[in-house]
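Colleague: Dumping the structure here so I can ask a few things about it.
The values are calculated or read from the model by the stated rules, or taken from the named source; none is laboratory data. Every value quoted in this text rests on a predicted model; they were computed, and no experiment measured them. With ideal geometry, Cβ positions are generated from the backbone for all residues, glycine too; neighbour counts draw on all protein chains shown. In case anyone asks, the SASA skips ligands and DNA or RNA and just uses the protein heavy atoms, side chains included. Shrake-Rupley method; radii C 1.70, N 1.55, O 1.52, S 1.80 Å.
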Amino acid sequence: MKFFIDTADRAEIADLVATGLVDGVTTNPSLVAKSGRNFLETVKEICALVAGPVSAEVTATDAPTMLEEGRRLAAIASNVAVKVPLTPDGLKVCRTLADEGTMVNVTLCFSAAQALLAAKAGARFVSPFVGRLDDVGATGMELIREIVAIYRNYPALKTEVLVASVRNPLHVVEAAKLGADVATLPPAVLRQMFAHPLTDKGLAAFLADWAKTGQSILGPGGAVRAAAE
Ligand code: G3P
């Protein structure tokens with residue numbers, strides 16, 4: 001499963017890219033507004049921070065303007081994935097951009113029918129929003145199960161299921177069990193995935209017992225020497 005980071009915060013992205021676990025980034029107009037920075041400059045900077053796809057969303061709703069915006073975003077860097085909403089105009093633009101060789105991430109997907117349309121329109125990614133479905137009492141992960149099952153019937157479809165609106169590590173695990181291709185995680189969720197109290201407890205016990213041996217793997221002053229290097 002690929003992990004994308006769902007944020008426009010460059011510091012967060014740089015910090016998490018350093019873990020070696022990040023395969024891409026997704027942004028949306030709300031995340032860009034939250035960053036308080038210039039959108040086009042931020043996209044360019046993020047594209048330099050991560051080699052994988054960086055989703056940047058159009059903000060028009062009519063096909064001609066969406067297409068012009070999408071081409072402008074795609075020109076920023078080769079790893080830009082243009083995000084379009086799952087609307088008739090959005091899918092028209094998806095088809096045109098995909099035919100031009102541009103990665104397209106079709107976002108705001110809430111049904112299997114919509115996901116089927118996104119795949120037919122040539123989307124590189126479709127983004128079903130699991131958290132927002134859960135928020136209204138539906139079962140977001142059921143949508144992931146449906147989409148993965150449908151896409152598996154048609155090997156010629158190249159659209160990847162990019163699980164979005166992730167709220168917690170359980171969403172990531174359940175999506176992985178279902179075989180989703182990508183999960184885009186808020187930074188906090190990725191950090192939560194590391195954490196388990198038994199890991200902390202076990203490490204503390206190992207280090208306490210090791211300290212009693214009086215030994216050092218790197219030899220006298222080794223740790224200081226390694227840190228200085
Ligand atoms: O970026 C798309 C999606 O991940 C948004 O999530 O938390 O606003 O529902 P959220």
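Colleague: How do the pairs read when you match residues in the range 185-200 that are part of a helix (DSSP H, G or I) with residues anywhere that are of a type in the set (Asp, Glu) and at pLDDT 95 or above, using Cβ under 6 Å and keeping only pairs 6 or more apart or on different chains?
Modeller: Listed by first residue and then by second, the contacts come to Pro187/Glu12.
Colleague: Now for a separate question. Looking at Ala118, Ala113, which is the one that is farther than 20 Å from Thr59 by Cβ and more than 17 Å from the chain's Cα centre (by Cα)?
Modeller: Exactly one residue qualifies, and that residue is Ala113.
Colleague: So, one more: Residues in the range 61-71 that are in contact (Cβ under 8 Å) with a residue 12 or more places away in the chain and exposed (fewer than 15 other Cβ atoms within 10 Å of the Cβ): how many?
Modeller: Adding up the residues that qualify gives 2.
Colleague: Also: Of all residues in the range 145-165, how many are open to solvent by less than 40 Å² (accessible area, probe 1.4 Å) and more than 19 Å from Pro85 (Cβ to Cβ)?
Modeller: Matching residues across the range 145-165 total 2.
Colleague: Looking for whichever is over 20 Å from Phe110 (Cβ atoms) and open to solvent by less than 20 Å² (accessible area, probe 1.4 Å) here; the options are Val43, Val58, Val93, Val17. Which one fits?
Modeller: On the way: Val58 fails: over 20 Å from Phe110 (Cβ atoms); Val93 fails: over 20 Å from Phe110 (Cβ atoms); Val17 fails: open to solvent by less than 20 Å² (accessible area, probe 1.4 Å).
Checking each option against the conditions leaves just Val43.
Colleague: Oh, and also: Write out, first by first residue and then by second, each pair whose Cβ atoms fall under 7 Å of each other, whose residues are 6+ apart or on separate chains, and whose first residue, in the range 27-48, is in contact (Cβ under 8 Å) with a residue 12 or more places away in the chain while the second is open to solvent by 50 Å² or more (accessible area, probe 1.4 Å) and among the acidic types (Asp, Glu).
Modeller: Going by the 7 Å Cβ cut-off, the qualifying pairs are Ser35/Asp9.
Colleague: Does Ala51 fit the bill of being loosely packed, with under 14 Cβ neighbours inside 10 Å, of a type in the set (Gly, Ala, Ser) and more than 16 Å from the ligand (Cβ to nearest atom)?
Modeller: Answer is yes for this residue.
Colleague: Yes or no: Arg191 within 22 Å of Val82 (Cβ to Cβ) and open to solvent by 60 Å² or more (accessible area, probe 1.4 Å)? Break it down into steps so the answer makes sense when it comes.
Modeller: On the way: within 22 Å of Val82 (Cβ to Cβ): no; open to solvent by 60 Å² or more (accessible area, probe 1.4 Å): yes.
Taking the combined requirement at face value, the residue does not satisfy it.
To keep it simple, each residue is scored yes or no on (1) closer than 17 Å to Phe125 by Cα; (2) at pLDDT below 95; (3) of a type outside the set (D, E, K, R); (4) within 16 Å of the ligand (Cβ to nearest atom).
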site	(1), (2), (3), (4)
Met1	yes, no, yes, yes
Val22	yes, no, yes, yes
Phe39	no, no, yes, yes
Val58	yes, no, yes, yes
Ile76	no, no, yes, no
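Colleague: Does the range 156-166 contain any residue that is in contact (Cβ under 8 Å) with a residue 12 or more places away in the chain, away from the ligand (no atom under 16 Å from the Cβ) and farther than 20 Å from Asn28 by Cα?
Modeller: Within the range 156-166 (the criterion being in contact (Cβ under 8 Å) with a residue 12 or more places away in the chain, away from the ligand (no atom under 16 Å from the Cβ) and farther than 20 Å from Asn28 by Cα), the answer is yes, since at least one residue qualifies.
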